[in-house]
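A quick write-up on the structure given underneath.
The values are calculated or read from the model by the stated rules, or taken from the named source; none is laboratory data. Because the structure is a prediction, the values reported are computed rather than measured. Neighbour counts are summed over all protein chains in view; Cβ atoms, including those assigned to glycine, are modelled from backbone coordinates with ideal geometry. The area values use the complete protein model at the heavy-atom level, side chains included, leaving out ligands, DNA and RNA. Shrake-Rupley method; radii C 1.70, N 1.55, O 1.52, S 1.80 Å.
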Amino acid sequence: TLSRLLQWPIFPDILSQIRSYPSGNGVIPYYDLILKALFPNEDIAPDAVLQFGDHFVSKKLTDWIAFKKPKVHFCVAPHSLRKDPLHSVTCRINCDPSDLCEALTLHLPGRSPLNWLTFWKELNDSAREGLTSYFNKKEMKLSEPLIFHKLSSFLPSKSALFLSNSMPIRDANTFFCPKYKIGPIFGNRGVSGIDGNLATAIGIAKALEKPLLAIVGDLTFLHDLTSLAQLKELNLSIHFLVINNNGGGIFHSLPIAKKKKVFDKFFKTPHGLNLEHTANLFDLSYENPKSLKELKEALATSQTSIIEVKTNAENNLHTTKEIISHIKEIQTSLR
């Protein structure tokens, strides 16, 4: 309602729980992909930012705000902690975001449709169509962008979703934009890195008492492997979808990747392990799908399982770059 009255677009962080709300209400779920395709561009500089909550998953959104330097940056959060790495917040409001939204809607008269919101809706539609057309034109093996783009089509409707740190939560923030309400969605953000992600997922499933899909990287999975021992005493339904690109795939996007002599050993840290053996160790079901159809079938069961999808980090990066170039061509034609 506040978005409609102000005629401002909503950029929903993947953990905001409104990622799957209808885009007709002002939600722009593809904002990260849009900014990756168009940033930097002086034509789309915001005058003001109204931020609810803390730091964004999207680095591109953070960079965009830092580069554009909006005159007004309100931050609304239910605590008094100063989480402002850009030093761009001009006003801080300590309250529940829902309370503030409800209060503001009582005093705002509303506006006629603005070109600013219409522009972002057009960009969002073109990004969605461009992403769909890209994958429809290619016979693709399972890749991280493809998995997250198609995730809503095979995510069990009653399942909660946990996204581990490193690449899974970033890929989800870019490519996972469901058309219907799903979730809730959880993540383990902060300085913890890959520590304790399996334990966190298990704790969430226990507290919710509902099925959970936990998507984690291979190093995250191996780092917290012993937490799987808890499952022996618990009656839970958790699918651990492990994206195994044989090391730290996130580092392929950093400049250090060009330093081949040190990159593999000290950053990527490949392990060459077959995760099926971990399923045997903890007496869990194991699947190794090679297609979206097989992945959907693996997720259709209620039995706790380890689902290992093997991908290639360099191919994932190449695919992402191709998608951004494809979206850029489409969106440039709109301007």
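Here are the numbers for the structure shown:
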quantity	calculated
Pairs where the first residue, in region 313-335, is over 18 Å from residue 123 (Cβ atoms) and in a helix (DSSP H, G or I) and the second is of a type in the set (Gly, Ala, Ser) and open to solvent by 50 Å² or more (accessible area, probe 1.4 Å), C-beta under 7 Å, 6+ apart	317/253
Residue tally, condition outside any loop (DSSP other than H, G, I, E, B) and of a type in the set (A, V, I, L, M), over region 73-95	3
Out of 3, 98, 20, sole residue that is assigned to a helix (DSSP H, G or I) and surrounded by 15 or more Cβ atoms within 10 Å (Cβ to Cβ)	3
Listing of helices (runs of 4 or more DSSP H) fully contained in region 259-310 that carry 1 or more residues being of a type in the set (Gly, Ala, Ser) and at pLDDT 90 or above	276-281, 292-299
Number of the condition not met by residue 142 [criteria: (1) modelled with pLDDT under 90; (2) open to solvent by 40 Å² or more (accessible area, probe 1.4 Å); (3) of a type in the set (A, V, I, L, M, F, W, C)]	(2)
